[in-house]
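The values are calculated or read from the model by the stated rules, or taken from the named source; none is laboratory data. The structure presented is a predicted model; accordingly, all values stated were derived computationally and were not measured. Glycine also receives a Cβ, built like all others from the backbone with ideal geometry; neighbour counts cover every protein chain displayed. The accessibility values were calculated without ligands, DNA or RNA, using every heavy atom of the protein model including side chains. Shrake-Rupley method; radii C 1.70, N 1.55, O 1.52, S 1.80 Å.
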Amino acid sequence: MTFGTLKGGLLAAAALGAMVAQAQAQDISACLITKTDTNPFFVKMKEGAVAKAGELGVGLKTYAGKFEGDNESQVQAIETCIADQAKGILIVPTDSSGIVDSVKRARDAGLLVIALDTPLEPADAADATLATDNFEAGRLIGEWAKGTLGDAAADARIAFLDLLPSQPTVDVLRDQGFMTGFGIETNNVGVIGDEDDPRIVGHDITNGTEEGGRTAMENLLQQDPMINVVYTINEPSAAGAYEALKSLGRESDVTIVSVDGGCPGVTNVSEGVIGATSQQYPLLMASMGIEAIKAFADTGELPAKTEGKEFTDTGVTLITDKPVEGVESIDSAEGLEKCWG
């Protein structure tokens, strides 16, 4: 055999090996199903999933509801993923209990199903959950608000700007966490709106949007124009609440807290629109989800739960430029460096 023939054979073998490896990688396919494709939180999540899938050679298809609360589109997406014989599904459920039957069908078909951000109800309806500790996210902003008001917290007038009438788990956990941090006694920890603390003016629905936040704030101000603390499910709704307060000249004497920690929201902290927000890491959630599907395909391994918790905690950090003693936080400048990584 001549050197040229040997060299040619080695190159051909190497090329064939590369083609086989690529084909094997593409045999691993995954689906990402988010609530919408317009909310910046889910845009960042998709970005993380696409980047990690490209890095690992995983085929990825993405789906989203047409609007917040669009469970039917998520059901249809799961059926498509089953038909496509995907290896796994990453889903941010818009209806954490209403989607469970569809998730069961996917798991029965052999797909790995991982909930991102919002646990299913019950949580073990999914194979795993990668999420912010949403109760802790709420507790941090509740404790910060209480510390900021000081003695005046005893007479606070609090508005709750929630997500959806269906009360998905993420909605309930953040609400209950805020109440616990603020020192409000909760009744049924799995329900929003059954509290009897006189400081609570009421709850209203925002659909997680700025327009929804503005309308909900206007509704609650009609019930009590002296509201001075506003809890919001996310930063778009917080921005809407601020606009409603600003139209009445009350933007400087009401404390607004939120959860998300996106770059626009952290900017709103620096500008005084939001007093404090709990920062989540959706890009990390999604990239870890793709890694988990790849690991499951290769070894059958499931993501490890965080010690002491029934899910994999992807972290949460309080962002504020007005720190409260005893409540760990970072400022908005550092928050902007970390936003949604």
Checklist entry - Can you tell me which of GLY138, GLY150, GLY142 is small (Gly, Ala, Ser), without any contact (Cβ under 8 Å) to a residue 24 or more places away in the chain and either touching a helix residue (DSSP H, G or I) at 6+ places or on another chain (Cβ under 7 Å) or closer than 24 Å to GLY181 by Cα (or both)? => result GLY150
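Per-residue answers, yes or no, for (1) under 27 Å from THR206 (Cβ atoms); (2) free of Cβ contacts under 8 Å to residues at least 12 places away in the same chain; (3) touching a Phe, Trp or Tyr at 6+ places or on another chain (Cβ under 6 Å); (4) not polar (S, T, N, Q):
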position: GLY265; (1), (2), (3), (4): yes, no, no, yes
position: MET285; (1), (2), (3), (4): yes, no, no, yes
position: ILE293; (1), (2), (3), (4): no, no, no, yes
position: THR312; (1), (2), (3), (4): no, no, no, no
position: SER329; (1), (2), (3), (4): yes, no, no, no
Checklist outcome for this item: Of the candidates GLY315, GLY249, the one satisfying the condition of being on the phi > 0 side of the Ramachandran plot and open to solvent by less than 40 Å² (accessible area, probe 1.4 Å) is GLY315
Checklist entry - Just checking, how many residues over region 273-283 are open to solvent by 10 Å² or more (accessible area, probe 1.4 Å) and in contact (Cβ under 8 Å) with a residue 40 or more places away in the chain? => result 3
Checklist entry - With respect to ILE91, is the statement that it is crowded, with 24+ Cβ neighbours inside 10 Å, within 15 Å of ILE33 (Cβ to Cβ) and free of Cβ contacts under 8 Å to residues at least 40 places away in the same chain true? => result no
Checklist entry - How many of the residues making up region 61-79 are without any contact (Cβ under 8 Å) to a residue 40 or more places away in the chain and either open to solvent by 50 Å² or more (accessible area, probe 1.4 Å) or hydroxyl-bearing (Ser, Thr, Tyr) (or both)? => result 8
Checklist entry - Can you find a residue in region 248-256 that is of a type in the set (S, T, N, Q) and either more than 24 Å from the chain's Cα centre (by Cα) or within 20 Å of LEU112 (Cα to Cα) (or both)? => result yes
Checklist outcome for this item: Per the filter on region 182-208, residues hydroxyl-bearing (Ser, Thr, Tyr) and either modelled with pLDDT of 95 or more or open to solvent by less than 20 Å² (accessible area, probe 1.4 Å) (or both) are THR206
Checklist entry - Given the residues GLU307, GLU291, which is the only one that is more than 20 Å from the chain's Cα centre (by Cα) and open to solvent by 20 Å² or more (accessible area, probe 1.4 Å)? => result GLU307
Next on the checklist: Restricting to region 120-145, name every residue that is closer than 16 Å to MET288 by Cα and not charged (D, E, K, R).
Outcome noted: ALA126, ALA128, THR129, LEU130, ALA131, THR132
Item to check | Residue that is farthest from GLN280 (Cα to Cα), among those in region 241-263 that are of a type outside the set (Val, Ile, Thr) and in contact (Cβ under 8 Å) with a residue 40 or more places away in the chain | outcome: ALA241
Checklist entry - Can you tell me how many residues in region 120-145 are charged (D, E, K, R) and within 17 Å of ALA106 (Cβ to Cβ)? => result 3
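At least 1 residues that are modelled with pLDDT of 95 or more in each: list the helices (runs of 4 or more DSSP H) lying fully within region 1-88 that qualify. Reasoning before the result, please.
Details: elements: 3-26, 40-56, 71-83.
By residue number, 40-56, 71-83.
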Item to check | Subset of region 86-144 that is among the polar types (S, T, N, Q) and touching a Ser or Thr at 6+ places or on another chain (Cβ under 7 Å) - its residue that is farthest from GLY262 (Cα to Cα) | outcome: SER96
Checklist outcome for this item: Note on ALA83: of the conditions (1) open to solvent by less than 10 Å² (accessible area, probe 1.4 Å); (2) aliphatic (A, V, I, L, M); (3) under 21 Å from GLY289 (Cα atoms), unmet is (1)
Item to check | Qualifying positions in region 221-239 - touching a strand residue (DSSP E or B) at 6+ places or on another chain (Cβ under 6 Å), of a type in the set (A, V, I, L, M) and either at pLDDT below 95 or more than 24 Å from PHE41 (Cβ to Cβ) (or both) | outcome: ILE227
Checklist entry - If you go through region 99-137 one residue at a time, how many are buried (at least 18 other Cβ atoms within 10 Å of the Cβ), closer than 17 Å to SER166 by Cα and small (Gly, Ala, Ser)? => result 0
Checklist entry - Failed condition for THR118, given (1) without any contact (Cβ under 8 Å) to a residue 40 or more places away in the chain; (2) assigned to a loop (DSSP other than H, G, I, E, B), with all others met? => result (1)
